[in-house]
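Note sheet for the following structure.
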Amino acid sequence: MAVNFSTDTPSDLKQKLKLKKWIKSVIEGHGKKCGTVSYLFTTDEKVLQINKQYLNHDFYTDIITFDYTENDTVNGDIFISTDRVRENAVTFNTTFDQELHRVIIHGVLHLIGFKDHSDKEQKIMRQKEDEALCLLNSI
């Protein structure tokens, strides 16, 4: 069971141990086991390249999640564009860290099984993100 962070850009990721504990708590709080969840913090261009190559999407996004979950063991690779997170933080009038934490847990929630294609799913996803963010503040 491991949560891994790596970056190919200058990283502002703070409190890695706290974040790892938080991610595991969210996974376990949904009745799942934490397998291996790997994050790569990268650029808009790298995420766009992955989006084109693997998903046939030609647009920028803040996160791409590859789900390798088996049964109740959560596994996956999560690519996050820190460029997009920084821009979204300004758009949504929040801090970089707050937006980054939301995106980090958004990927985990996808691995747990939550979707965000419909308005109803997006509302549930946002609620689950908010619940998880409250948990982070108590760790």
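The values are calculated or read from the model by the stated rules, or taken from the named source; none is laboratory data. Everything numeric here is computed off the predicted structure, so don't read it as measured data. Note that we place each Cβ from the backbone using ideal geometry, even for glycine, and neighbour counts take in every protein chain shown.
Filter segment 82-97 for residues that are buried (at least 18 other Cβ atoms within 10 Å of the Cβ) and out of contact with any Ser or Thr (no Cβ under 9 Å at 6 or more places or on another chain) and give the result. Selection gives VAL85 alone. When residues in segment 1-20 are screened for being over 19 Å from LYS46 (Cα atoms) and either at pLDDT 85 or above or aliphatic (A, V, I, L, M) (or both), 9 of them pass. Residue by residue through segment 1-51, note down the ones that are of a type in the set (Asp, Glu) and closer than 21 Å to ARG84 by Cβ. ASP8, ASP12, ASP44, GLU45, listed by residue number. For segment 3-13, the tally of residues that are within 15 Å of the chain's Cα centre (by Cα) and either of a type in the set (Lys, Arg) or loosely packed, with under 14 Cβ neighbours inside 10 Å (or both) stands at 2. Checked against (1) loosely packed, with under 13 Cβ neighbours inside 10 Å; (2) assigned to a helix (DSSP H, G or I); (3) at pLDDT 95 or above, GLY31 passes all but a single condition, namely (2). Output the residues belonging to segment 45-69 that are of a type in the set (Asp, Glu) and at pLDDT below 95. The answer is ASP58, and nothing else.
Identify the residue in segment 114-139 that is touching a residue at least 40 places away in the same chain (Cβ under 8 Å) and under 15 Å from the mean Cα position of the chain (by Cα) and, among all such residues, is surrounded by the most Cβ atoms within 10 Å (Cβ to Cβ). Checked segment 114-139; the qualifying residue surrounded by the most Cβ atoms within 10 Å (Cβ to Cβ) is ALA132. Taken as a whole, the structure leaves PHE79 outside the set of residues that are under 12 Å from the mean Cα position of the chain (by Cα), of a type outside the set (D, E, K, R) and either surrounded by fewer than 19 Cβ atoms within 10 Å (Cβ to Cβ) or farther than 25 Å from ALA2 by Cα (or both).
Among the residues of segment 93-139, the ones that are under 28 Å from ASN71 (Cβ atoms) and not in a helix (DSSP H, G or I) come to 7 in all. Only one of the numbered conditions (1) assigned to a loop (DSSP other than H, G, I, E, B); (2) among the basic types (Lys, Arg); (3) within 20 Å of ARG126 (Cβ to Cβ) is violated by ARG84, and that is (1). What are the residues in segment 52-76 that are out of contact with any Phe, Trp or Tyr (no Cβ under 7 Å at 6 or more places or on another chain), over 20 Å from THR9 (Cα atoms) and buried (at least 16 other Cβ atoms within 10 Å of the Cβ), if any? Hits for segment 52-76 are PHE66, THR69, VAL74.
With respect to ARG84, determine if the residue is closer than 16 Å to LEU13 by Cα, without any contact (Cβ under 8 Å) to a residue 40 or more places away in the chain and not polar (S, T, N, Q). Considered against the rule, which asks whether it is closer than 16 Å to LEU13 by Cα, without any contact (Cβ under 8 Å) to a residue 40 or more places away in the chain and not polar (S, T, N, Q), ARG84 comes out as no.
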